[in-house]
Structure formats: C-alpha cells, structure tokens
Amino acid sequence: MDGDKPTGQVDVVATGLKLANALLWTKDRMLVSDTALDLPGKFGAGGVWAFSSVEALQAGTEGHEAIQVKPNGTDERLCVIKEVKKVDRGDNSGWDGLTETPDGTIYGGNFGNGELYAIRFDAAGKADVETIHEAGETFACCDGVFYDRRTNRIYVNDSAQNAILAFKPTKPGEKAVLKTVWQNGNTDGEDGMLDQPCECVVIGNKMIIVNFDWPFPGMVNTQFDTPSTLSVIKLSGESIAKKRTIFTPKRGPFLGGQRRKGG
C-alpha cells in the first residue's frame with residue numbers, strides 16, 4: 001500500500017507450503033494453516049505454521065528473500081502437526097480454519113474428519129494443542145471458523161452437511177459442545193440456502209457465509225451450480241440471551257443469496 005492506495009505490487013512471503021489455507025495475525029506472529037502436508041507414510045496430515053511478524057513483514061521485500069520452508073514437516077516454523085483419522089467420507093484433508101478468542105486461544109479443525117483443536121501458546125511461544133472434539137463424533141468436516149465477540153460463540157462451517165454449527169470457547173480440559181445453527185439439503189443456493197459453506201463472518205447481527213460449491217465425494221452438495229456465492233443469516237443477541245437460541249428467522253433464516261453473474 002502507498003498510504004491508503006494499493007500499489008499493485010505483490011511480494012512472495014513464503015514458499016514450500018503445501019495447501020496454505022487460513023491466515024491469522026496474532027500478537028507478534030502470523031499463523032497459517034496447511035491443509036495437506038503430504039507427510040510420507042501418513043493417510044493425511046495438516047498443521048499450522050507460525051512466522052514471526054518481523055520475518056513475515058520483511059520477506060519478499062527489497063533486500064530480503066522469500067521464506068523457503070523445509071519439507072516433510074521438518075521446519076521449526078511448523079508449530080502444529082495433526083494427522084487425519086479416516087472416517088465417514090475418507091477425506092484426508094487436514095487443518096482448516098483459524099480464529100482467536102480474547103484470551104489468546106486459537107481454534108481450528110480438520111476438513112476431512114471434523115476433529116477440532118484449541119491451541120494455547122506458552123510464554124516461550126511453544127504451542128500446546130488440545131483436541132476438543134474427536135474425529136467424526138458429531139460432524140465430520142470443519143472448514144472455516146469464526147469467533148463472534150457479541151455472542152461469545154465460535155461458528156464452524158460444515159461443508160459436508162451444508163451446515164453452520166456453534167460452540168462456546170473451551171477452558172483447558174473441556175470439550176466443545178456443538179449446536180446446529182442451520183442446516184439444509186442439497187441446493188443451488190439461488191434461494192439463499194447454504195451451498196457448501198466454507199467461511200463465515202459476523203458483522204453486526206448478520207452472519208455472511210461464503211458458499212464453496214465444490215462437490216467432493218460424500219458431501220450433500222452433489223454438483224456444481226450457477227454461482228450463488230453468499231448467504232446471510234440474521235442473528236439476534238436478545239434471543240440468544242433470553243431464549244438460548246442461535247438465530248431468529250426472518251423469511252426463513254436467510255435474507256437471500258447474492259448471485260454473481262458471469263461465472
């Protein structure tokens with residue numbers, strides 16, 4: 001950027017990652033999830049890279065080379081490695097999604113089996129990873145995750161089942177208790193329904209959801225459709241506080257999908 005204007009210049013920060021996915025800046029580090037580490041002899045594995053803010057901001061700029069990470073899980077920047085257990089769909093995709101709660105805990109999970117994790121960093125920056133939901137226990141696909149301060153809930157995009165789930169942040173030793181916010185069957189998304197949700201963000205009292213629409217084997221979504229990329233759910237803080245419900249419907253929970261024409 002040049003002030004508030006983009007320059008159009010793109011710098012390569014790091015190379016050697018396999019399937020870079022979620023990115024999260026937290027304190028003095030940049031975290032990046034890697035969904036397919038392709039480790040030798042493993043069914044599937046994913047993990048989280050931690051780059052210091054200094055090296056991440058300098059890398060690729062004038063006088064500084066891009067970061068070249070070491071292969072096969074040997075790089076010290078790979079602060080978390082988690083294998084994928086084969087369940088249900090047999091998908092071997094690993095860590096997806098990153099979000100942070102006010103106490104500094106990082107949450108994410110596996111796309112292939114729905115296992116959820118909480119990362120807590122100690123004073124030396126070492127990651128302590130706790131499994132807060134076992135693979136395939138109540139759902140089997142974690143795509144993007146998002147923490148909403150207003151509701152104090154972490155929302156999980158379940159791409160396999162066209163669903164959004166939610167749970168409250170966990171304390172050490174505590175398991176996540178998930179509740180379904182919304183779920184629908186196969187759809188083309190033109191009616192505002194979910195069409196393989198992959199990311200969501202809450203702005204005010206609206207949850208805006210990106211629909212991926214990529215029919216991997218075993219998913220509710222079975223075919224590519226004309227792109228209807230966004231769905232919106234209206235959230236009600238009052239109903240959460242008084243009725244312990246997740247959303248208040250208005251013409252159904254969805255205010256309508258935003259259709260993108262021309263592919």
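The values are calculated or read from the model by the stated rules, or taken from the named source; none is laboratory data. Everything numeric here is computed off the predicted structure, so don't read it as measured data. A quick note on method: Cβ atoms are made from the backbone with ideal geometry, for glycine too, and the neighbour counts reach across all protein chains shown.
Figures for the structure shown
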item: Residue satisfying condition, being free of Cβ contacts under 8 Å to residues at least 24 places away in the same chain and within 30 Å of Arg150 (Cβ to Cβ), within set Met1, Met30; result: Met1
item: Selection count, segment 115-133, where residues are in a loop (DSSP other than H, G, I, E, B) and in contact with a strand residue (DSSP E or B) (Cβ under 7 Å, 6 or more places away or on another chain); result: 2
item: Any hit, segment 127-150, residues being within 19 Å of the chain's Cα centre (by Cα) and on the phi > 0 side of the Ramachandran plot; result: yes
item: Residue in segment 163-185 that is farthest from Thr229 (Cα to Cα), counting only those that are crowded, with 22+ Cβ neighbours inside 10 Å and touching a Ser or Thr at 6+ places or on another chain (Cβ under 7 Å); result: Ala176
item: Segment 76-102, residues that are part of a strand (DSSP E or B) and either out of contact with any strand residue (DSSP E or B) (no Cβ under 8 Å at 6 or more places or on another chain) or of a type in the set (Phe, Trp, Tyr) (or both); result: Trp95
item: Qualifying residue in segment 99-114 (condition: of a type in the set (D, E, K, R), farther than 17 Å from Cys200 by Cα and at pLDDT 95 or above); result: yes
item: Segment 33-72, residues that are free of Cβ contacts under 8 Å to residues at least 60 places away in the same chain, part of a loop (DSSP other than H, G, I, E, B) and either polar (S, T, N, Q) or closer than 24 Å to Glu100 by Cα (or both); result: Ala36, Leu37, Thr61, Asn72
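Residue by residue, here is whether (1) among the aliphatic types (A, V, I, L, M); (2) part of a strand (DSSP E or B); (3) within 22 Å of Ser236 (Cα to Cα) holds:
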site: Gly104; (1), (2), (3): no, no, no
site: Asn113; (1), (2), (3): no, no, no
site: Ala135; (1), (2), (3): yes, no, no
site: Thr151; (1), (2), (3): no, no, yes
site: Ala166; (1), (2), (3): yes, yes, yes
site: Asp191; (1), (2), (3): no, no, yes
site: Glu199; (1), (2), (3): no, yes, yes
